[in-house]
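What follows is a short report on a single structure.
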Amino acid sequence: MNLRNHSSLHKLFYSLKIRADGVYTPRMEDAEIVRTAIARANQVVLVAEKFKFTNISSSPYMSALLNKVDVLITDTSLTEEQRSLFDSKTQIIPILKE
């Protein structure tokens with residue numbers, strides 16, 4: 001999809017590395033695509049398994065600040081520390097029961 005030709009997106013679903021200050025990707029081109037899509041999305045949904053919070057990887061390119069995330073869908077419940085990274089308005093949906 002060429003995002004330059006679309007003025008808005010209804011929902012954006014994506015999954016990337018999560019750090020305390022934002023969401024990261026290993027490729028600069030991917031970060032630029034995600035930033036453009038977020039700017040045009042009516043709702044931003046981040047899908048992230050628990051290892052996206054703890055995996056130490058080289059993902060140097062920030063795609064978004066965490067306050068841009070409207071909904072987080074994750075496999076398990078977040079710790080209080082992880083929850084505090086997100087805006088209080090972010091809806092967090094764990095899909096597995098622990």
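The values are calculated or read from the model by the stated rules, or taken from the named source; none is laboratory data. Model, not experiment: these values are computed from the prediction. Each accessible area value is taken on the protein alone, full model and side chains, heavy atoms only, with ligands, DNA and RNA left out. Shrake-Rupley method; radii C 1.70, N 1.55, O 1.52, S 1.80 Å.
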Completion exercise
Result for the chain: accessible area per residue, probe 1.4 angstrom, in square angstrom, of 64
Exercise for the section: With the full set of protein chains in place, find how many percent of the accessible area of the chain is carbon and sulfur; take the probe as 1.4 Å. Expected result: 52
Exercise for the section: From the P(r) of the chain, can you give the percent of Cα pairs sitting at distances over 22 Å? Expected result: 26
